[in-house]
1. Might you let me know whether segment 71-78 holds any residue that is within 17 Å of residue 25 (Cα to Cα) and in contact (Cβ under 8 Å) with a residue 24 or more places away in the chain?
2. Within segment 27-57, track down each residue that is among the hydroxyl-bearing types (Ser, Thr, Tyr), over 9 Å from the mean Cα position of the chain (by Cα) and under 30 Å from residue 72 (Cα atoms).
3. For segment 38-47, check the following and say yes or no: at least one residue is in a loop (DSSP other than H, G, I, E, B) and surrounded by 12 or more Cβ atoms within 10 Å (Cβ to Cβ).
Amino acid sequence: MTNLGFLTLGDDSQKRPDFSKMSETDLRAYVLAHRKDQSAFYAYVDRMHERPPIAVIEAEEWSEERMQEAIDGAKGRS
């Protein structure tokens, strides 16, 4: 894992990783290692929602028209 960076929360000096500074891989590993940490889970889910959607088109179905439909459909969902 890389340097995660830490935030101090409240007066109790409790330290928690700064999820915004973690790579996607490190954040996923942290979530898997700390399954009860809801803040980490929500940070990971938010990060996944920032990704562009993936369109899968089978080779037999591929055409310029089908590709444009997939792109237009993805734009409509964002």
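Read the figures in this text as sums done on the coordinates, not as results from a lab. If you're wondering where the values come from, they're calculated on a predicted model, not measured in any experiment. Counting neighbours? That spans all protein chains shown, and the Cβs are built from the backbone with ideal geometry, glycine included.
1. Step one: of segment 71-78, the residues within 17 Å of residue 25 (Cα to Cα) are none.
Checking segment 71-78: not a single residue is within 17 Å of residue 25 (Cα to Cα) and in contact (Cβ under 8 Å) with a residue 24 or more places away in the chain.
2. Going through segment 27-57, the residues among the hydroxyl-bearing types (Ser, Thr, Tyr) turn out to be 30, 39, 42, 44.
Add one more test, that the residue is over 9 Å from the mean Cα position of the chain (by Cα), and what stays is 30, 39, 42.
Hit for segment 27-57 is 42, nothing else.
3. The first filter runs over segment 38-47 and keeps only residues in a loop (DSSP other than H, G, I, E, B), leaving none.
For segment 38-47, residues in a loop (DSSP other than H, G, I, E, B) and surrounded by 12 or more Cβ atoms within 10 Å (Cβ to Cβ): absent.
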